[in-house]
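A.B. asks: The following block contains the structure, expressed as structure tokens.
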Amino acid sequence: MTNTFYESPSLLLTSESVTEGHPDKLCDQVSDAVLDAMLEQDPGSRVACEAAVTTGLVLILGEITTEAYVDLEQVVRNTVKEIGYNDSRVGFDWETCGVLSSIKEQASDIAQGVDRAHEVRTGGSEDRYDLVGAGDQGMMIGFACNETDEYLPLTISLAHRLTRRLAQLRKA
């Protein structure tokens, strides 16, 4: 007899956490570094920056509206260096990896949604919180629990702790 998730007599909750060198984490760190660099110079920056990596190559792409000038290639290289990729024999070297950028200005229809919420643009609201739009951003849902001091489930707390320690040992 097959059980569905809801009918199962037991549930095993697991969690995963990846270290700095994992391609997904590297992409997140590159995108975060681009955002941080933009906001440092222009707090009003709007940054939708994604990254993709493969052996010896980082691609950054997206839409950005800002008054800042940021050397994106240098931001990428510094991020790769901080992670510890410094040897092309292992597939990645911050000094020699390719960095491609396909960044354009934010689309006007998205900018309109970010400037003011739909409710304000159509006269349906005067609430000050509706003055801030969300553009094309999704809705994220999370939860807190009392299993750990961080209010995270124990499985993810332990996974994060292990990956942080692995990174410390690798860099020591």
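No value in this document is a laboratory result; all are computed from the given coordinates. In this text, all values refer to a predicted model and were calculated from it rather than measured experimentally. Here the Cβ positions follow ideal geometry from the backbone for every residue, glycine too, while neighbour counts run over all protein chains shown.
A.B. asks: Shape call for the range 23-106 from the C-alpha gyration tensor, a ≥ b ≥ c root eigenvalues: rounded (a/c under 1.5), prolate (a/b greater than b/c) or oblate?
C.D. replies: On the way: a/c = 2.35, a/b = 1.97, b/c = 1.20.
Prolate.
A.B. asks: If each residue's Cβ is checked for other Cβ atoms within 10 Å, how do Phe143, Phe92 rank with the fewest at the top?
C.D. replies: Working: Phe143 7, Phe92 23.
Taking fewest neighbouring Cβ atoms as first place, the list is Phe143, Phe92.
A.B. asks: Roughly what % antiparallel, to the nearest 5, for the DSSP beta bridges in the range 23-106?
C.D. replies: Close to 60 percent.
A.B. asks: Then there's this: Pull up the cross-link candidates among the lysines for Lys25, meaning alpha carbon to alpha carbon under 22 Å and not fewer than 8 places away within one chain.
C.D. replies: Result set, ordered by chain and number: Lys81, Lys171.
A.B. asks: What residues qualify as long-range amide H neighbours of Asn86, i.e. H under 5 Å apart, gap of 5 or more or another chain, H built at 1.01 Å from N?
C.D. replies: Placed amide hydrogens put Trp94 under 5 Å from Asn86.
A.B. asks: Could you work out how much longer the chain between Leu154 and Thr55 gets when fully extended? Use 0.36 nm per residue separation minus the Cα distance between them, nm to one decimal.
C.D. replies: Once the chain is fully extended between Leu154 and Thr55, it gains 32.2 nm.
A.B. asks: Same structure again: Using each residue's phi in the range 63-80, evaluate 6.51 cos²θ - 1.76 cosθ + 1.60 at θ = phi - 60° and report the 3J(HN,Hα) Karplus result to the nearest Hz, with x for Gly and Pro.
C.D. replies: The phi angles translate into 10, 9, 10, 7, 9, 7, 10, 10, 6, 4, 4, 5, 4, 4, 4, 4, 5, 4 Hz.
A.B. asks: Which residues does the label zone of Lys104 cover in the range 38-65, counting backbone N under 19 Å from a point 7 Å along Cα→Cβ?
C.D. replies: Under cut-off, by backbone N: 46-52, 59-65.
A.B. asks: Across the range 83-90, in residue order, what do the Karplus-derived ³J(HN,Hα) couplings come to in whole Hz, using 6.51 cos²θ - 1.76 cosθ + 1.60 with θ = phi - 60° and x for Gly and Pro?
C.D. replies: With the stated coefficients, the range 83-90 comes to 5, x, 7, 9, 8, 5, 5, 9 Hz.
A.B. asks: Show me, for the range 46-56, the HN-Hα J-couplings you get by feeding each phi into the Karplus relation (A = 6.51, B = -1.76, C = 1.60, θ = phi - 60°), rounded to Hz, glycine and proline as x.
C.D. replies: Result, rounded to whole Hz: 10, 10, 10, 10, 10, 9, 9, 10, 8, 3, x.
A.B. asks: Report the relative contact order of the range 23-106, percent, no decimals, based on alpha-carbon pairs under 8 angstrom and at least 6 residues apart. Please report the intermediate quantities before stating the final value.
C.D. replies: On the way: 146 pairs, mean separation 27.3, N = 84.
Normalised by residue count, the contact order of the range 23-106 is 33 percent.
A.B. asks: Using the Cβ atoms and a cut-off under 15 Å, what net charge is assigned to the surroundings of Thr96, where Lys and Arg are +1 and Asp and Glu are -1? Kindly include the intermediate steps, with their values, before the conclusion.
C.D. replies: Working: positive: Arg77, Lys81, Arg89; negative: Glu73, Asp87, Asp93, Glu95.
It works out to a net charge of -1.
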